[in-house]
1. Any idea how many residues of segment 257-298 are away from the ligand (no atom under 13 Å from the Cβ), open to solvent by 40 Å² or more (accessible area, probe 1.4 Å) and under 16 Å from Lys236 (Cα atoms)?
2. Taking the stated definitions as given, is Glu149 farther than 25 Å from Arg280 by Cα, over 20 Å from the mean Cα position of the chain (by Cα) and more than 16 Å from the ligand (Cβ to nearest atom)?
3. Quick check on segment 133-143. Is at least one of its residues surrounded by fewer than 20 Cβ atoms within 10 Å (Cβ to Cβ) and on the phi > 0 side of the Ramachandran plot?
4. Could you identify the single residue in Ala171, Ala209, Ala161, Ala216 that is free of Cβ contacts under 8 Å to residues at least 60 places away in the same chain and within 30 Å of Pro92 (Cα to Cα)?
5. Going by what's in this entry, would Tyr162 be described as farther than 18 Å from Val99 by Cβ and open to solvent by less than 50 Å² (accessible area, probe 1.4 Å)?
6. What pairs can you find where one residue is in segment 262-290 and farther than 26 Å from Pro180 by Cβ, the other is hydroxyl-bearing (Ser, Thr, Tyr), and their Cβ atoms are less than 7 Å apart, with a gap of 6+ or different chains?
7. Here's a check for you: in segment 99-132, which residue that is over 30 Å from Arg25 (Cβ atoms), at pLDDT 90 or above and assigned to a loop (DSSP other than H, G, I, E, B) is most open to solvent (accessible area, probe 1.4 Å)?
8. Taking the stated definitions as given, is Lys218 of a type outside the set (Val, Ile, Thr), part of a helix (DSSP H, G or I), within 15 Å of the ligand (Cβ to nearest atom) and open to solvent by 50 Å² or more (accessible area, probe 1.4 Å)?
Amino acid sequence: MRPTGRLHLGNLVGALQNWVDLQDRYDSYHFVADWHMLTTDYANTAELQSNIQEMVTDWLAAGLDPAKCVFFQQSRLLEHAELHLIFSMITPLGWLERVPSYKEQLENIRDRDIHTYGFLGYPVLQAADILMYKADFVPVGEDQVPHVELTREIGRRFNNAYGEVFPEPRALLTHAPRLPGTDGRKMSKSYGNAIFLSDPPDVVSKKVAGMMTDPARKRRWDPGDPDVCPVFDHHKIFSTKDVIDRVNPECRTAEIGCVDCKKLMAEALNRKLAPIQERRRIYEKDPGQVWQILEEGTARARQEAEKTMAEVRQAVGLVKSQDAGATSKGAGAKVQESAVRS
Ligand code: SF4
């Protein structure tokens, strides 16, 4: 996850809740993608450290447990840069230019110049991040599937060239329910429409009170349509079945007004956020603990990264083989073979 600072409800239902669920079933790694941040925000790093701290505090608050999973800071593990460099040697430009989000972002991001080598190559860095830990699965949404596919292709190309080192990771598709922001667009910090996990109850209630509703319901006595109302999208995720079953018909017959409906939603939201904020307060009081946890996770990740890179360097032929007979059959011939295939 890129360190963007405090996390919001969209991050919670789109990623964090799923991570918390996975930590009990998988050997999970999560990282602060600070180098990825630089691919688009290289000119704006003044708040990077505080953004990392806020984000990791929210991970812990949401229930991610350092005893059950590893979380680390990408830029503290130079092995990621090394693997990225090696992968960049074997990744054809065409593969990167075809990544759907590349063109999309070039068109959409107008306030920064992202026509850079680093931005074009960020899926290669992603491949290094994933393959470093020989991941079997990558928990992603539908839009990230092409990136996982590219990772598989890069790993396959490496294996063809230098011998089997990497398994092929698969996308672990996660269902992320639609959660609009207060203005009805996708919830995003940059749109200014987010409800943050750390917003106190009165701020949550105020934001909810100002939320967009069914635009056709102009007066109290007009019937509404919950299916087009962002408030109801939140009810479906955060409210009890009883509340949902009440609001749904009562909105359509104008028995309930938007003010009361929003109050119910804010109550549900604040109930959901209460334990998260309780945990958050522990880490807010002691930010040193947050950095310490990140440091320990980084050390654990480093053990795996070092193991993988020792294998990679040997496979590529960058270091003398410990078992010359076994590996000298080698890299060179296979690189040729792979080059022909490309
Ligand atoms: S009553 Fe609730 S669901 Fe219906 S339009 Fe108003 S806020 Fe939306």
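1. 3
2. Values: farther than 25 Å from Arg280 by Cα: yes; over 20 Å from the mean Cα position of the chain (by Cα): no; more than 16 Å from the ligand (Cβ to nearest atom): yes.
No: the conditions fail for Glu149.
3. Yes, some residue in segment 133-143 is surrounded by fewer than 20 Cβ atoms within 10 Å (Cβ to Cβ) and on the phi > 0 side of the Ramachandran plot.
4. Working: Ala209 fails: within 30 Å of Pro92 (Cα to Cα); Ala161 fails: free of Cβ contacts under 8 Å to residues at least 60 places away in the same chain; Ala216 fails: within 30 Å of Pro92 (Cα to Cα).
It is Ala171.
5. On the way: farther than 18 Å from Val99 by Cβ: yes; open to solvent by less than 50 Å² (accessible area, probe 1.4 Å): yes.
When the stated conditions are applied, Tyr162 passes them.
6. Going by the 7 Å Cβ cut-off, the qualifying pairs are Tyr283/Thr57; Glu284/Thr57; Gln289/Tyr283; Val290/Thr57; Val290/Tyr283.
7. Among those that are over 30 Å from Arg25 (Cβ atoms), at pLDDT 90 or above and assigned to a loop (DSSP other than H, G, I, E, B), it is Thr116.
8. Numbers: of a type outside the set (Val, Ile, Thr): yes; part of a helix (DSSP H, G or I): no; within 15 Å of the ligand (Cβ to nearest atom): yes; open to solvent by 50 Å² or more (accessible area, probe 1.4 Å): yes.
No, not satisfied.
The values are calculated or read from the model by the stated rules, or taken from the named source; none is laboratory data. These numbers were taken from a predicted model, which means no experiment stands behind them. Every residue, glycine among them, receives a Cβ derived from its backbone with ideal geometry; neighbour counts consider all protein chains shown. Accessible surface is based on the protein model in full, side chains and every heavy atom, while ligands, DNA and RNA are left aside. Shrake-Rupley method; radii C 1.70, N 1.55, O 1.52, S 1.80 Å.
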